Amino acid sequence: MRVYVPLTLPGLAEAYRTGELGAGPFVAYAVTPGLREWYASEDIEELEYAALGRAAQASLRLLAAEPEAPRRRVVIAVDVADRVVSADPGQGPEAAAPGEVRVAGAVPLGKAASVHVDAADAEADVTTAAEALPAADGGDDDARLAVDAAEDHELLWFATQEIANLVGRGV
């Protein structure tokens, strides 16, 4: 199963240093029944793109919690065995977001298929969005627009062989 793991550049650097993602369990995003229902599509490429987008939103939340991290969203696509992934849709306020899954344990970085990172021109919008998240979560329409502006930026695709350059130069 392909999962999309939200990270920051320091998180990517740590994964590169240790050779693995997460100590487990950790949150990722994937094409789940809940995501299919939420996105209302049967096109697998569209659904994979939606899962990537959900992970990019989660990366923004990580950036909001890490003010010292470079203001670039990072998502790594990883192939894992179905048996290590669980999706618990839950109920009420504890319900998982569409596509949210838990990966049971650490995953070797060698299982990564690709890395997706914001371009330099997204940095200002991502910075503003990370700062606006609490207000957006509280229902502030202007803050929601700021968060949406970050989501308008497409993440760049990088081969896994480029991770050393990404963490060494910060994109």
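Exposure proxy check: 68, 46, 123 ranked by fewest other beta carbons within 10 Å? Don't jump to the answer; show the numbers that get you there.
On the way: 68 6, 46 13, 123 16.
Fewest-to-most ranking of 68, 46, 123: 68, 46, 123.
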Inset, instruction - Work through the residues other than residue 52 whose Cβ is under 12 Å from its Cβ and net out their charges, Lys, Arg +1 and Asp, Glu -1. - result: -2
Inset, instruction - For the chain, set up a Gaussian network in which alpha carbons nearer than 10 Å are linked by springs, and say which option among 135, 106, 64 fluctuates the most. - result: 135
Inset, instruction - List every residue whose amide H lies under 5 Å from the amide H of residue 99, counting only residues 5 or more places away in sequence or on a different chain, with H placed 1.01 Å from N in the peptide plane. - result: 32, 34, 35
Legend entry - Amide hydrogen neighbours beyond the local backbone of residue 72, cut-off 5 Å, H modeled: 9
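Would you mind working out the magnitude of the charge dipole of the chain relative to its Cα centre, with +1 at each Lys and Arg C-beta and -1 at each Asp and Glu C-beta, to the nearest 20 Debye? Before the final figure, lay out the partial values.
Details: 13 positive and 29 negative charges, 167 e Å.
The dipole of the chain has a size of about 800 debye.
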Inset, instruction - Would you compute, from DSSP H runs of 4+ residues alone, the mean residue ellipticity of the chain at 222 nm, taking -39500 (n - 2.57) per run and dividing by the full residue count, rounded to the nearest 500? - result: -13000 deg cm²/dmol
Inset, instruction - Note down the Stokes-Einstein diffusion coefficient of the chain in µm²/s, whole number, using a Kirkwood radius over alpha carbon pairs, 10 °C, and 1.306 mPa s. - result: 98
Legend entry - J(HN,Hα) series, segment 133-149, from Karplus relation 6.51 cos²θ - 1.76 cosθ + 1.60, nearest Hz, glycine and proline x: 3, x, 5, 4, 4, x, x, 5, 5, 5, 5, 4, 4, 5, 5, 4, 4
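Computed from the coordinates by the stated procedures, all read-outs in this text should not be read as laboratory data. Small disclaimer: the values here were computed from a predicted structure and weren't measured. With ideal geometry, Cβ positions are generated from the backbone for all residues, glycine too; neighbour counts draw on all protein chains shown.
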